[in-house]
Amino acid sequence: MTELTHYVNGEHVAGTSGRFTEVFNPATGEVQAKVPLASKDEMDAIIAKAAAAQPGWAATNPQRRARVMMKFADLINTHMDELAELVSREHGKTLPDARGDVQRGLEVVEVCMGAPHMLKGEYINDGGPGIDLYSMRQPLGVVAGITPFNFPAMIPLWKMAPALASGNAMILKPSERCPSTSLRLAELIKEAGLPEGVLQVVNGDKEAVDAILDNETIQAVGFVGSTPIAQYIYGRAATNGKRAQCFGGAKNHMIIMPDADLDKAADALVGAGYGAAGERCMAISVAVPVGEKTADALIERLVPRIEKLKVGPYTAGEDVDFGPVITAAAKARIDGLVNSGVEQGATLVVDGRDFTMQGYENGYFVGPSLFDNVTADMDIYKEEIFGPVLSTVRSESYEDALDLVMTNQYGNGTSIFTADGDTARDFAAKVNVGMVGINFPIPVPLSYFSFGGWKKSAFGDLNQYGPDAFKFYTKTKTVTARWFSGIKEGGEFAFKAMD
Ligand code: NAD
């Protein structure tokens, strides 16, 4: 069986903890590799190596660092199909979807080619008589990225590109379920010219994460994953004096107004609800049609579209709509939640529970399910299902629909489908959610904006990628400078306001 490694100082290094976990092929249920789980001692030693490499990288001028990003982007493009295959093999998503995963990460690398512009400070000439003030943005030192299973290329790239372009070294701890893409990206960025030790990929579980959180060298932690872990990591990192931004789970609603184009809304819901088997933090998992007639007409349009969806392994070709979920445990949890929806009184309009894939009986396939008449007290509404399950909560008015979104504990993404600009504007202005789509189902901002949710979907005060990332990965130093024309008048001891 393939034994995966860590990637330390530009080389693959075997784990020495003696602890491993299995990496499955979600389509077959077979174990395809084992991945080492780093111990605290291993992690501390690797962090020390990153600390040794970081000052040289920080002293490399920003434009040269940006050139590494240019070459890296070029290599990602050249290896797009290979990277997508790596993603699909461990995650199970379709190849076109996996290419999207790589592409949305690549776009953040592209923005980091312009990092020097983002790293400029501010300057005022003659802020006082003969006094100039200027600020600089300096790297933090060694930072860490801890990433989830569901975007094995995109999220590691969101973490590493701005952190490295800003002059930091990074410890990347990818998901132990999908570690291979990060290891390959580390090889490619080395080929692009990144000095050894500046990016270390360390595989592991809670022990490795806790070692990062307690290590004094680590200055900042960027996390993406489920809400309980995000909150835990944010708390422990902050207690240890680190900067932290921790992005968590979601329950994203789409409001469908009576004047919406219902065919377009149904198409959007099917893509956003079932794409990647619903394993996206920006998936739409709740449809909120306004008015009984809208709801009936929407369900009528959704059912045939959902029944047509093709579920299968990524190897079955490009017309598969979505693949298996990540683990047997995830499948069992999703099935359990669908059962709970039925028990708690929701109407199961499309039932995906008994789906089996011929020839892949041991794979973690879950068929698409659609619920109608869901209410806010049901588990299928309260929990992030993270599977191919769409819940419909019927709403009597726009105000009720807005209130539902506003009172949900999560605030990652949301969307409204309407033909009315006034309603759309009102929604965008009032809703307490970080990313809003108007007639657009998955409003992941482009890479020169920043990505982040509100409420229990994010802990910390800056978003990831875009301008916020450069603020997160640098600290500001401000210099007040006066050059005397000649020392004639002796020292000045009063603390004066500028005059
Ligand atoms: P997860 O929280 O289980 O794991 C994320 C990372 O945390 C992994 O690297 C894992 O090894 C580590 N981890 C897990 N348990 C830990 C523990 N007890 N202590 C310390 N570290 C631990 O999440 P996942 O299942 O890999 O990913 C799915 C979740 O991520 C979903 O909730 C999804 O909504 C969320 N997500 C959020 C965003 C976002 O930007 N908001 C993006 C993608 C995914």
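The values are calculated or read from the model by the stated rules, or taken from the named source; none is laboratory data. All of these numbers come straight from a predicted model, not from anything done at the bench. In this analysis, Cβ positions are derived from the backbone assuming ideal geometry, glycine residues included, and neighbour counts consider all displayed protein chains. Calculation scope for accessible area: heavy atoms of the full protein, side chains included, ligands and nucleic acids excluded. Shrake-Rupley method; radii C 1.70, N 1.55, O 1.52, S 1.80 Å.
For this structure, a couple of remarks:
- Each Lys and Arg contributes +1 and each Asp and Glu -1, all at the Cβ; summed about the Cα centre of the chain, the dipole is approximately 1680 debye.
- Cα shape, the range 49-111, gyration tensor, a/c 1.5 rule: prolate
- Those trypsin sites (Lys or Arg not before Pro) in the range 64-109 that DSSP places in a loop and that have at most 10 other beta carbons within 10 Å: none
- Gain upon complete extension [Lys120, Ala59; 0.36 nm per residue less C-alpha separation]: 20.5 nm
- Global form of the chain, assessed from the alpha-carbon gyration tensor, a/c cut-off 1.5: oblate
- Cα centre as origin, Lys/Arg/Asp/Glu Cβ charges: the range 196-258 dipole, Debye: 360
- Taking amide H positions as modeled 1.01 Å from N, with prolines and chain starts lacking one, the residues under 5 Å from Leu172 and 5 or more places away or on another chain are Gly145, Gln200, Val201, Val202.
- Efficiency of FRET from Cβ geometry, Arg482 and Val349, R₀ 56 Å, rounded to 0.05: 0.15
- Looking at the range 254-318, the GluC sites (Glu not before Pro) that sit in a DSSP loop and have at most 11 other Cβ atoms within 10 Å of their own Cβ are Glu318.
- Taken per residue, the accessible surface of the range 278-371 reaches 43 Å², heavy atoms only and a 1.4 Å probe.
- Extension gain for Thr327 to Ala419 (0.36 nm times residue separation, less C-alpha to C-alpha distance): 29.1 nm.
- Of the peptides 401-414, 345-358, the ranking by mean beta-carbon count within 10 Å, highest at the top, reads 401-414, 345-358.
- The range 380-483 - accessible surface per residue (Å², probe 1.4 Å): 44
- Loop-located trypsin sites (Lys or Arg not before Pro) in the range 111-185 (DSSP state not H, G, I, E or B) with no more than 15 neighbouring Cβ atoms inside 10 Å: Lys120.
- Apportionment of accessible area to carbon and sulfur, the range 125-234, percent (1.4 Å): 49
- Extension gain, Asn439 to Met136: 0.36 nm times the residue separation minus the Cα-Cα distance gives 105.0 nm.
- Accessible area (Å², per residue) of the range 1-152, counting only protein heavy atoms and a probe of 1.4 Å: 43
- The residue list Gly345, Phe322, Ala428 was ranked by how far each Cα lies along the charge dipole of the range 252-438 toward its positive end, using unit charges on Cβ atoms, and Phe322 comes out on top.
- Estimated from the Cβ-Cβ distance and a Förster radius of 45 angstrom, the FRET efficiency linking Asp44 and Asp400 is about 0.25.
- Share of pairwise Cα-Cα distances greater than 22 Å in the range 252-438 is 42 percent (whole percent).
- Taking the range 252-438 and dividing mean pair separation by its residue count, relative contact order in percent (alpha carbons under 8 Å, at least six apart): 28
- Amide H partners (placed H, <5 Å) of Gly127, local residues excluded: Asp132, Leu133
- Cα centroid separation, the range 397-426 to the range 276-317 (Å): 19
- Vicinal HN-Hα couplings computed from phi for the range 110-116 (Karplus, 6.51 cos²θ - 1.76 cosθ + 1.60; Hz; Gly/Pro x): 4, 5, 6, 5, x, 3, x
- The range 78-143: relative contact order in percent, alpha carbon pairs under 8 Å with at least 6 residues between: 19
- Only protein atoms count toward the accessible area here, which uses a 1.4 Å probe; on the range 252-438, the carbon and sulfur part of that area reaches 48 percent.
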